[in-house]
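What follows is one structure encoded as structure tokens, with my remarks underneath.
The values are calculated or read from the model by the stated rules, or taken from the named source; none is laboratory data. In this text, all values refer to a predicted model and were calculated from it rather than measured experimentally. Methodologically, a virtual Cβ is constructed for each residue, glycine included, from the backbone with ideal geometry; neighbour enumeration extends over all protein chains shown.
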Amino acid sequence: MKKLFALLLAVVMVLSLAACGEKKDDTTGKEENPAVENTYNTKTPGVLTVATSPDYAPYEFYAIGEDGKAELAGFDIALIKYIADYLDVELEIIPMDFDGVLLELANGSVDLGIAGISPDPDRANSMDFSDIYYEGGQAFITVKDKADMFTDLASANNPDISVGAQNGTIQMDLAQQYSADADIVTLTKATDIIAELVSGKLDGGYVEWDVAVAYQANYPELHIVCEVPYEVEGNAIGVVKGNEALLAGVNEAIAACIEDGSFSQFVADALEQASGNIYEGLLEEK
Ligand code: ARG
């Protein structure tokens, strides 16, 4: 009888140890907050951690309010707020350069990236894509003073010109494809392209069509030469690879946002705000 009891006790101890072990594995070493059920398997339960690159009006940028303070604006920002509300989670937005958004998603250190991302098949190994929430094309741009140099896209392929594109973007691929003979300049921020065009350092640049239109409001000297063909139309949200619950939730929220008319309002508001006072960098140094 004593032996049986000892055996039972041993079994119970082994079982409870195993349960402890399992618990640790489940939580992957993270603090567990039993109050919040982690429905969407976010990095931090109850919080959506999102990377963005606010150099891209009307998608995301810093608008300067009447109080002189810069605040995140743009239809991507409005959309991600809507999504967080819809999923009933808190929102933490982390601004960084665009190549950083791709990197953080690939590393799995954020839940989402929203930055006018094109769902390029080359990125499919490092992130999942939401449904398309916005349709927009690509543009080759210059300044009015140089408009005569560019009659069509073929004229953008010239060894005597310098052409800018943002690091890590599909526009960089387009520059390599359509301006292979030109001096291609890699810039970390899309706003650097605009600034260097305006100051005369660059002759041309590749950006999303609506970005070109938005910055024209602040820089009327910008000139759109032509549309640039690119097969993957539209923009999607980057979702950390393999988080199916979050992907499904995000897609449901996007559909609701488009369906109830909020998204068209966000686009209209962003275009209006982008034509006002905007700040063109990242605020980390400030
Ligand atoms: N759509 C392009 C891409 O996915 C450019 C996006 C750049 N976004 C930004 N916020 N600067 O490569």
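Against the numbered list (1) surrounded by fewer than 16 Cβ atoms within 10 Å (Cβ to Cβ); (2) part of a loop (DSSP other than H, G, I, E, B), Ala154 comes up short only at (2). Of all the numbered requirements in (1) within 16 Å of the ligand (Cβ to nearest atom); (2) touching a helix residue (DSSP H, G or I) at 6+ places or on another chain (Cβ under 6 Å), Met96 misses one, and that requirement is (2). Given the condition crowded, with 16+ Cβ neighbours inside 10 Å, without any contact (Cβ under 8 Å) to a residue 40 or more places away in the chain and not hydrophobic (A, V, I, L, M, F, W, C), answer yes or no: does some residue in the range 122-133 qualify? No: the range 122-133 contains no residue that is crowded, with 16+ Cβ neighbours inside 10 Å, without any contact (Cβ under 8 Å) to a residue 40 or more places away in the chain and not hydrophobic (A, V, I, L, M, F, W, C).
Please work out if Gly205 is in contact (Cβ under 8 Å) with a residue 24 or more places away in the chain, outside any helix (DSSP H, G or I), surrounded by 19 or more Cβ atoms within 10 Å (Cβ to Cβ) and within 17 Å of the chain's Cα centre (by Cα). Spelling it out, it is not the case that Gly205 is in contact (Cβ under 8 Å) with a residue 24 or more places away in the chain, outside any helix (DSSP H, G or I), surrounded by 19 or more Cβ atoms within 10 Å (Cβ to Cβ) and within 17 Å of the chain's Cα centre (by Cα). Restricting attention to the range 213-242, the residues being farther than 28 Å from Ser126 by Cα and not in a strand (DSSP E or B) number 9. Condition check for Arg123 on (1) of a type in the set (Lys, Arg); (2) more than 10 Å from the ligand (Cβ to nearest atom); (3) touching a Leu at 6+ places or on another chain (Cβ under 8 Å): one failure, at (2).
Pick from Val232, Val228: which is surrounded by fewer than 17 Cβ atoms within 10 Å (Cβ to Cβ), within 16 Å of the ligand (Cβ to nearest atom) and either farther than 18 Å from Ile80 by Cβ or modelled with pLDDT under 95 (or both)? Selected residue: Val232, the only one of Val232, Val228 that is surrounded by fewer than 17 Cβ atoms within 10 Å (Cβ to Cβ), within 16 Å of the ligand (Cβ to nearest atom) and either farther than 18 Å from Ile80 by Cβ or modelled with pLDDT under 95 (or both). I need a count of the residues in the range 56-113 that are in a loop (DSSP other than H, G, I, E, B), touching a residue at least 60 places away in the same chain (Cβ under 8 Å) and touching a Phe, Trp or Tyr at 6+ places or on another chain (Cβ under 8 Å). Result for the range 56-113: 5.
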